[in-house]
Amino acid sequence: MHPVITLVAQRLALGLLLLLAASVLIFIGTQILPGDVAQSILGQGATPETLANLREELGLNEPAVTRYFNWLFATLQGDLGTALTNGQDIASSMGKRLGNTLFLASVAAIIAVPLAILLGLIAVRYQGRWPDRVISTVTLATVSVPEFLLGYIAIYFLSVKFRVFPSLATVYDGMSLGDKLYAISMPVVVLVLVVLGHMMRMTRAAILNVMQSAYVETAELKGLRKFTIIARHAFPNAIAPVVNVVMLNLAYLVVGVVVVEVVFVYPGMGQYLVDHVSKRDVPVVQACGLVFAAVYIGLNLVADIVAILANPRLRHPK
Amino acid sequence: MKDDLAKLIDRIDAMRMDRRSFLNRTAAFGAVAAMGGATQALGASHATPNKGGILKMGLGGGESTNSLDPALAASQVPFHLNRTIGEPLVDVAADGSLEMRIAESIESTPDAKTWMFKIRQGVEFHNGKTLTPDDVLATLQRHSDKDSSSGAFGIMEGIESMKVDGDMVAVTLATANADLPYLMADYHLMIQPDGGRADPADGIGAGAYKIIVNEPGVRHTFEKHANYWDQSRGHYDGVEFIVINDATARMAAVQSGQVHIANRVDPKIAKLLSRAPGLTVQNVSGRGHYVFIMHCDTAPFDNKDLRLALKYAINRQEMVDKILDGYGSIGNDIPINAAYPLFDDSLPQRDYDVAKAAEHYKASGHDGSPIVLRVAEGAFPGAVDAGALFQQTAAAAGIPLEIKREPNDGYWSEVWNKQPFCASYWGGRPVQDQMYSTAYLSTADWNDTRFFNADFDALLIEARAELEPGKRKELYSKMAVMLHDDGGLICPMFNDFIEAVGDKVIGWEKNGVQEVMNGLAPHKTWLA
């Protein structure tokens, strides 16, 4: 069998094992947290009787291990169950949220990834001169400012002062694609600013590394244009570290944007997860945790495969 | 051109003035009208409500975990869901009087033990079914079942039996309670078809709006219930709640006109926000209070002198000024304020008094070890700062307080009602009896100050059966004195409800029973 396929198969198996381990850890985590779902639902209004009634109703009186395995077997059969708190079907309500998260992440990524790489190339082309300085300083600044502050600044100027974009990014079924894109314009701007710096600097560093090589010198001596050398000769050899950092940022766009979701009232996975953690709604937390872990593992797998495919020595092993 | 603009601005200013005075007048008129038991549209003589349009409310206090089951409502958005979809038997008006809704009239036997609710005819549920006394009975039963997890379970406990009698629902109590009708105004007790037995979370009620989209923690949309029984309410074609938990985002949404009403304005920014164009900041004094609670049965708080020392060692006015930025009023170590019926204002106000605090502290014989006060921002907004202020003022009297900051997460299950001294919040109740029964009766589940006083309990039971208001008031003032001097409650302040309301919204009323006009903004306001 081709070594790449073997590798992918190995990685997938390992990924599944990791997912299982993650689900155990998440379950343990939710059990360690103080209070349970019944207490969280009833809040300050809990009385001993209502607590007992609700626990009975939700099946919380079973031992934790039994509950975990019940959940695991149901999940393996594709049944994520219903939320303890509001009885909604987890697969469908989480699916909607996941769709929203992926939509926001992909729009941000479609803008951010090419932009970051282009800016990285430009920065290398003018290394040490003013375009490099401007690009590096600005992206470093936007990546250093906390995202909620970027969000508030954007809201203040773009929504409240000049009313260009809506501050509420709520999207729902029945909106046209155009409306949806308009609604998420502000979070997209903020997310692009947040992830741009990391990817751009990594691109710049990786290419600069390659630029020291002898073949680049040869290309220069051949009289090729500087930008051609960077884009055609240096960049392909710097692709592995760039893809790695791009994948990390894509993963962040999917699993780490809860703050941006809160600021712009975007109905994504982050807020959904946080709400259910604070209510100790274990099945939902488990489901979200699995999805997040799968995204991370999957994207890392993609990064590894791309790194292999990009490297002829790994692609054609002796 | 310029002159025209100036004129226009003048005119807008003039209209604003008119509207303010209009609101004041309607509020005054509303108080009188409601006292007479009338329910006609307030201010009808001033303006006819516009019909139509969509009211958008940006609301904090909603989670993806929210259910449409009225019994499980415990935060702001579910409260508004209940109020918008549902119709209660009775309601509490802005002035504290009773307002008839599904019940057309109420009678009781002279001993206040059996109460008869005459059920209104011709009320239709959202699913087209006609509301019957059986639906009312089934609803009340579902909330009072032994295996109920309803938020109203506690107030239904005193009910011995219920039955339908023609067009009446009769409720018999184990012990007399003159306030029973008020208990029926609880926001969980929305009448559902067959009591919601089949599917409590189906969102079918008899209120002015029916739910169309239910995305918990994101948005809820409603459309006018065409056959709503009360023509004087529900002027919009539809209502939309957008859940905005982030305070800054909520304020930005109302400032940029994306929502008409935003709830829970932070007192610290209320004055700034009121300068923004296109909106008014509305505040109304409520019954909610921010408190520090001591367990009267746990050392060192089992010592009356130490309790008094701490009560004298807090600067209430400073708290109102700094924590609430003036949007509130000072408390007097009882959970009752002037918003309650039968409130006795003759109880002397306890002030910050270093000398008395030091004197009582000395009399308590406390060993001088730091007294631990647990706080969390989630106890009430500003609780951590309030704890720091308390620490300062107590230190001036030689009382060492140690502030221990707790996480918000799990505060209500791990700290409140468990630790002997902590910050807390009470939302207030429609009547004094309910407030005292909920948290100060010896047998109450939420007796969070561990206040066990047989005389107090006896007075509370006696007051319940007393139908003569003068005598009841006397009993309540006796109880207030007991709690004021002996209780474990340190009540520095009552907070206002503060909301930001866009200028397009007309018909706003001051109603401090709960936030956003007691949840009636979708029913009673309209768009200009």
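Could you tell me whether any residue of region A:163-178 is more than 13 Å from every other protein chain (Cβ to nearest Cβ), touching a residue at least 40 places away in the same chain (Cβ under 8 Å) and more than 17 Å from A:Val257 (Cα to Cα)?
Narrowing region A:163-178 to residues more than 13 Å from every other protein chain (Cβ to nearest Cβ): A:176-178.
Keeping just the survivors that are touching a residue at least 40 places away in the same chain (Cβ under 8 Å) gives none.
No, every residue in region A:163-178 fails to be more than 13 Å from every other protein chain (Cβ to nearest Cβ), touching a residue at least 40 places away in the same chain (Cβ under 8 Å) and more than 17 Å from A:Val257 (Cα to Cα).
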Among (1) closer than 20 Å to B:Ala201 by Cβ; (2) within 14 Å of chain B (Cβ to nearest Cβ); (3) not aliphatic (A, V, I, L, M) - the single one A:Gly81 does not satisfy
(2)
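Restricting attention to region B:451-477, which residues are of a type in the set (Lys, Arg) and surrounded by 15 or more Cβ atoms within 10 Å (Cβ to Cβ)? Step through it out loud before you land on a result.
Restricting attention to region B:451-477, the residues satisfying the condition of being of a type in the set (Lys, Arg) are B:464, B:471-473.
Residues satisfying the conditions are B:Arg464, B:Arg472, B:Lys473.
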Given the conditions (1) touching a Leu at 6+ places or on another chain (Cβ under 6 Å); (2) at pLDDT 95 or above, report the number of the one that B:Ser364 does not fulfil.
(2)
So, in region A:67-90, how many residues would count as being of a type in the set (A, V, I, L, M), within 28 Å of A:Met247 (Cα to Cα), part of a helix (DSSP H, G or I) and touching a helix residue (DSSP H, G or I) at 6+ places or on another chain (Cβ under 8 Å)?
1
Tell me which of these A:Ala52 doesn't satisfy, since it passes every other one: (1) in contact (Cβ under 8 Å) with a residue 12 or more places away in the chain; (2) under 22 Å from A:Thr66 (Cα atoms); (3) more than 29 Å from the chain's Cα centre (by Cα).
(1)
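Quick one: in region B:142-173, which of the residues that are under 21 Å from B:Ser437 (Cα atoms) and touching a Gly at 6+ places or on another chain (Cβ under 6 Å) is surrounded by the most Cβ atoms within 10 Å (Cβ to Cβ)?
B:Gly151
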Taking B:Asp147 as the residue in question, decide whether it is within 14 Å of another protein chain (Cβ to nearest Cβ), of a type outside the set (Phe, Trp, Tyr) and touching a helix residue (DSSP H, G or I) at 6+ places or on another chain (Cβ under 6 Å).
yes
When the residues of region B:418-451 are narrowed to those that are closer than 24 Å to B:Glu462 by Cα, outside any loop (DSSP other than H, G, I, E, B) and among the small types (Gly, Ala, Ser), which ends up farthest from the other protein chains (Cβ to nearest Cβ)?
B:Ser437
Residue list for region A:10-42, restricted to those being of a type outside the set (S, T, N, Q), within 14 Å of another protein chain (Cβ to nearest Cβ) and assigned to a helix (DSSP H, G or I):
A:Gly29, A:Ile32, A:Val37, A:Ala38, A:Ile41, A:Leu42
Among the listed residues A:Val138, A:Val143, A:Val124, which satisfies the condition of being in contact with a His (Cβ under 8 Å, 6 or more places away or on another chain) and in a helix (DSSP H, G or I)?
A:Val143
Quickly run through region B:155-175 and pick out the residues that are assigned to a strand (DSSP E or B) and either more than 14 Å from B:Asp111 (Cβ to Cβ) or not polar (S, T, N, Q) (or both).
B:Ile159, B:Glu160, B:Ser161, B:Met162, B:Lys163, B:Val164, B:Asp165, B:Met168, B:Val169, B:Ala170, B:Val171, B:Leu173
Take the residues of region B:247-263 that are at the interface with chain A (Cβ under 7 Å from one of its Cβ atoms) and not aliphatic (A, V, I, L, M): which is nearest to B:Val281 (Cα to Cα)?
B:Gln255
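The values are calculated or read from the model by the stated rules, or taken from the named source; none is laboratory data. These figures come from a predicted structure and were not determined experimentally. Glycine also receives a Cβ, built like all others from the backbone with ideal geometry; neighbour counts cover every protein chain displayed.
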